[in-house]
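See below for the structure under consideration.
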Amino acid sequence: MNLISIENLSKTVNDNPLFQNVTMGIDEGEKIGFIGPNGAGKSTLLHILADLIEKDEGNISKNNNLRISMLEQTPTIPAGISINDFLYQGESPIIKLVANYHECLKNHDMELLEKLTEQMDKENGWEIENNYISFLSELKLNNPNQLMDNLSGGMKKKAALARTLASKPNLLILDEPTNHLDIEIIEWLEKYLGNANFSFIMVTHDRYFLDSVCTGIMELEKGRIYKYPGNYSTFLERREIRLSTAQNEQVKIKSILRRELEWLSRGPKARASKDKKRKMRIEDLMDKKIQKEQEISEFSSSNKRLGKKILELENIEKSYNNETVISPFSYKFKKGERIGIIGPNGSGKTTFLNIISQQIKPDKGTIDKGLNTKFGYYDQLSDHLNEAGSKNFTILEYIKETAEQITLEDGKIASAAKFLEMFNFPSGTHRTLISKLSGGEKRRLFLIKTLITNPNFLILDEPTNDLDLDTMRRLEDYVLNFSGTLIVVSHDRAFLDRTTDFLFVFDGQGKIKGFTGNYSEYREFISMTKLSSKTKKKDNADNNKVLEHRDQTYSTKRKLSFRENREFETIESEIADLEAEKNKLESLFSKTNRSLKELETNNRRYKIVSDLIETKLARWEELAEIAD
């Protein structure tokens, strides 16, 4: 059964056509992941489907039994209301009905009350409040009288999610539902939606979510909608086929266009009677032309070499309102470490990042930062970007404020404009005012600002919030080629799996434990531990993958991860190859028949090779120390 159909839908915002002549439908039982670049119009399309904004053109047909409920990316929350009262601020028709019913009870309007009671019976509105309380409990919001003003971003998102689910829709619209949620709740939502018998359309960048729950993927690209059956993995395969076919068609189109344009250039007499038809054919071909997608190349900015001492924490502690956020914790960071941080909302993850980056001070303990350590901190607030927007900065002006050019890892120089292009800001957008950007585009711009400072200790706090999938892939490529120390807080399991090989696990009571491996390996270990404890009835916390937590002080001893083992196995041969190249370059310097240009090229390469040898030798020593 078809729930909703749209035909020739078009929408323009700020003189920018987001999509034109879009035709599609959503059937009963479909679970659609909706993807596309930041600013392409995904949220706008969802708001049109939910009747929250008007379309410009086109028709929308809805099934008579359709019940829509929408979770907005940033829900509107009036000041001073409780979690309980937040329910009645919802936009879905059934929640408005319940709110009107309660208002009518207060006003003692018996005639209206009778009509509303009939509607409540018909729509089964009596269940909404119980549903809401039940979902709040599932999402670990156990105090409905608490004021929304006092909640963290993640807790507000949970309340909004509970309200959205409480109306029991048959079409659920979700705009970035995983933003600000901790991983435990994301996995709960994934399981809930996977077992649900209603339809949904969801904008998300969570690739594991898209892969495990969705039965179809819808892509908005350059104003057009492409719909693919299957999950995210299937989408990637089918999209590759589509692009390959499109590129082959592009070659044919270019060949035909060349012949047609040659014909046009011959003059009126040569064109004669077929002039009109041929012109129409050319216009049709022009419409079919597509731009080749910019290839994602591996790149990373250069950074100042880390010293032997990077950052050392000694028994740091932090409390707020007599509640312990971080118990005594010690750790010595090493070069090349890729550490992920996981834990429930409010467990102190961002506080920890603010302490190590010296934005705030611990209550007790010491922080010793190495002389060469340079932080790059991508936080959740982006305050600097908001300030730049208020000054009417353009995209390029904002980046140039930090650097006119950037030195990449391979020694090449990239201009600020080129670096913007690497992260999907083409040259035509560089004069755009920051105030005109979407939320995701602003976050992407702030990310670029952080990276071009050439940090050697990169701190990322929820870096994937509001970023589209393509930008996330580019960020992953950057991080995988980053030679410094990385620490990242993220609810994105795929991002954690790809970029980290060691975890700090926050338990929400102030304690921090460590785990050697990525997030999927950690979940597998936890599952095995729970299974073992059920069957053997004993605690398996002494498993050698988990670091022992002695006297609430973190032990720094750990084993090599799988990735580090592979690196350790190959690094000696890499050093030998570099030393051989260095010897060859040295022999060239003694020859007198070299041009000035060749000498300059060899000198530059000699410096790069020498630096690489020094860096890899230091890295070999670090790995050897852990392996002992």
Next item on the list: Name every residue in the range 77-123 that is free of Cβ contacts under 8 Å to residues at least 60 places away in the same chain, closer than 18 Å to Leu172 by Cα and either outside any helix (DSSP H, G or I) or among the acidic types (Asp, Glu) (or both), in order of residue number.
Entry: Glu91, Glu123
Notebook entry, point to check: So Trp263 clears everything in (1) modelled with pLDDT under 90; (2) open to solvent by 30 Å² or more (accessible area, probe 1.4 Å); (3) farther than 30 Å from Leu151 by Cβ except one condition, right? Which one?
Noted result: (2)
Notebook entry, point to check: Here are Ile241, Ile185, Ile217, Ile201: which of them is crowded, with 21+ Cβ neighbours inside 10 Å, among the aliphatic types (A, V, I, L, M) and part of a helix (DSSP H, G or I)?
Noted result: Ile185
Notebook entry, point to check: Would you say Leu420 is modelled with pLDDT of 85 or more, touching a strand residue (DSSP E or B) at 6+ places or on another chain (Cβ under 6 Å) and open to solvent by less than 10 Å² (accessible area, probe 1.4 Å)?
Noted result: no
Notebook entry, point to check: If we scan the range 358-365, do we find a residue that is out of contact with any Ser or Thr (no Cβ under 8 Å at 6 or more places or on another chain), within 28 Å of Ala624 (Cα to Cα) and surrounded by fewer than 19 Cβ atoms within 10 Å (Cβ to Cβ)?
Noted result: no
Checklist line | Identity of the residue in the range 104-126, among the acidic types (Asp, Glu) and open to solvent by less than 90 Å² (accessible area, probe 1.4 Å), that ends up farthest from the chain's Cα centre (by Cα) | finding: Asp109
Item checked: Conditions (1) more than 30 Å from Phe423 (Cα to Cα); (2) modelled with pLDDT of 75 or more; (3) open to solvent by 10 Å² or more (accessible area, probe 1.4 Å); number of the one not met by Asp497 -> (1)
Next item on the list: Could you tell me which numbered condition Leu469 fails, if it satisfies all but one of (1) farther than 24 Å from Ser415 by Cβ; (2) of a type outside the set (Val, Ile, Thr); (3) in contact with an Asp or Glu (Cβ under 9 Å, 6 or more places away or on another chain)?
Entry: (3)
Check: Which residue pairs have Cβ atoms closer than 7 Å, lie 6 or more positions apart in sequence or on different chains, and pair a first residue in the range 567-579 that is in a helix (DSSP H, G or I) with a second residue that is loosely packed, with under 12 Cβ neighbours inside 10 Å and among the small types (Gly, Ala, Ser)?
Finding: Phe568/Ala627
Notebook entry, point to check: Can you tell me which residues in the range 428-442 are open to solvent by less than 20 Å² (accessible area, probe 1.4 Å) and part of a helix (DSSP H, G or I)?
Noted result: Ile434, Gly440
Note to self: Going by what's in this entry, would Ser43 be described as in a helix (DSSP H, G or I), under 28 Å from the mean Cα position of the chain (by Cα) and under 24 Å from Tyr208 (Cα atoms)?
What the structure shows: yes
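The values are calculated or read from the model by the stated rules, or taken from the named source; none is laboratory data. Source: prediction; values computed, not measured. Positions of Cβ are backbone-derived with ideal geometry, glycine not excepted, and every protein chain shown enters the neighbour counts. For accessibility, only protein heavy atoms count, side chains too; no ligands or nucleic acids. Shrake-Rupley method; radii C 1.70, N 1.55, O 1.52, S 1.80 Å.
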